[in-house]
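**Q** Once you've had a glance at the structure underneath, I'll fire off some questions.
The values are calculated or read from the model by the stated rules, or taken from the named source; none is laboratory data. Note that the structure is predicted; figures quoted are calculated from it, not measured. Ideal geometry is used to build each Cβ from the backbone, glycine not excepted, and the neighbour counts take in all protein chains shown.
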Amino acid sequence: MGSDVSVLAWAEAPDEAVHWAVDEVARLEACWSRFVPTSELSALNRSAGSARFTCSPTLWEAVRRAARGWAATGGLYDPTVLGALVGLGYDRSFAEVAAESDAEVRPPRVPGFDCVRLDDDERTVALPAGVALDLGGIGKGLAADLLVTGLRERGVTSGEVSLGGDLRVFGPGPDDDEAWMIDVEHPADDAVLFRFPLVDEALVQSTRLLRRWQRGGQRLHHLVDPRTGWPVDNGLDCVIATAPEAWFAEVVAKAVFVAGEAAGLGLASSLGVDVWLVREDRSIVATPDVADSLQPTPGR
C-alpha cells in the first residue's frame, strides 16, 4: 500500500499477536495493492471486460466497503478514478512517479462506480472494459481496522495502529480519561496544528501536499475529482477526519476534500463524521463538535 506501518501495544502483547500483525499486513498488501502485479486486485483489474471475477473474502470486504463509501458520498468518493490517475502519470509506485517529466497528461473520464456490477451471493465483481479500481486509501484504513480486530482477538487489550497517516486506537490509552492524546501535524512540515483525544476510534488525513509530481509543466497530485478526472484545486491542503472506523474516515476525508469547504462540512455532518479542513494559508475550519480542539493549548 506504499505506506509505513507501525503497531503499538500499550498493554502486554502475546508474541503470537505480534507475529500475526506482521504477517497480516503482508497478506493485505498482497490482496489489494494496485502496485503489486500479482495482487488479487491487479488480477481483478485485468479481468475488466471479460467474465465475472470471484473475490476472496478479503478482497470482497474491501470492494463492498468501497461501494458503500461511493453510495454514502454521492459519488464524491469513487474508486474508479484509477484510469485518471494513470493518465496523470501516477502509474507506478510514488517513488518512481515523483521524477519530473515533459509527458503530456490527458486523464480519461472517470467512468463512475455505478458501472461496476457486484453479486453478493456469488461474491463476484464485473468490471466493464477499460475500468479498474484503486483501493489505496480505503485499503489503508480497512487494514488498520482489521489489525485492531485481530489484535483484540489475540489478547491485546490496548494499542495503536498506524498505516501511512491512518491511525486507529483501541482500549484504554495512556492519557487523561484513558484517551490517546494525538498531536495532529501539518503534512508539509510536521508542525502541530492541534491536539485531539481519541478513544476507540480512528483519525486519518487526506492531503494533496505529499504525493505531488509534475508532468508537461503541470503540478499534479493524487486527489482526483471524479467529476472532472483532474486533481482537486479548491484552496484546501488537507482534510482530517475522525470516525469509529478508519476505512469510513478515509472515504469521508476524500469526499470532503473533493466537495470543498462549504459543501464538505455539510457532507461530513450529514454522515456523522467530524472533520477539520486545513486551508492553503494554514487556517483551519472544523465541524461544530470538534471546533473546541482548535483553541490554543495551555502552555503552548
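**Q** Can you spot a residue in the range 153-162 that is modelled with pLDDT under 95 and farther than 27 Å from His19 by Cα?
**A** No - not one qualifying residue is present in the range 153-162.
**Q** Let me ask something else about it. Restricting to the range 14-32, name every residue that is hydrophobic (A, V, I, L, M, F, W, C) and farther than 21 Å from Ile182 by Cβ.
**A** Ala17, Val18, Trp20, Val22, Val25, Ala26, Leu28, Ala30, Cys31, Trp32
**Q** Could you check the range 17-98 for helices (runs of 4 or more DSSP H) lying wholly inside it with 2 or more residues that are within 20 Å of Lys140 (Cβ to Cβ) and modelled with pLDDT under 95?
**A** In the range 17-98, 82-87, 94-97 are the helices (runs of 4 or more DSSP H) which contain 2 or more residues that are within 20 Å of Lys140 (Cβ to Cβ) and modelled with pLDDT under 95.
**Q** Can you name every residue in the range 236-276 that is crowded, with 17+ Cβ neighbours inside 10 Å and acidic (Asp, Glu)?
**A** Those that are crowded, with 17+ Cβ neighbours inside 10 Å and acidic (Asp, Glu): Asp237, Glu245, Glu250, Asp274.
**Q** Just to be sure I understand, how many residues within the range 168-199 are aliphatic (A, V, I, L, M), surrounded by 13 or more Cβ atoms within 10 Å (Cβ to Cβ) and without any contact (Cβ under 8 Å) to a residue 40 or more places away in the chain?
**A** Residues meeting the conditions: 5.
**Q** When the range 148-162 is examined, which residues are found to be without any contact (Cβ under 8 Å) to a residue 60 or more places away in the chain and either surrounded by 21 or more Cβ atoms within 10 Å (Cβ to Cβ) or under 20 Å from the mean Cα position of the chain (by Cα) (or both)?
**A** Those that are without any contact (Cβ under 8 Å) to a residue 60 or more places away in the chain and either surrounded by 21 or more Cβ atoms within 10 Å (Cβ to Cβ) or under 20 Å from the mean Cα position of the chain (by Cα) (or both): Val148, Thr149.
**Q** Please go through (1) in contact with a Pro (Cβ under 7 Å, 6 or more places away or on another chain); (2) farther than 23 Å from Leu142 by Cα for Asp233 and return the number of the only condition it doesn't satisfy.
**A** (1)
**Q** Restricting to the range 8-29, name every residue that is under 29 Å from Leu82 (Cα atoms) and surrounded by 15 or more Cβ atoms within 10 Å (Cβ to Cβ).
**A** Correct list: Ala21, Glu24, Val25, Leu28, Glu29.
**Q** Hey, another quick one. Please work out if Pro174 is in a loop (DSSP other than H, G, I, E, B), touching a strand residue (DSSP E or B) at 6+ places or on another chain (Cβ under 8 Å) and modelled with pLDDT of 90 or more.
**A** yes
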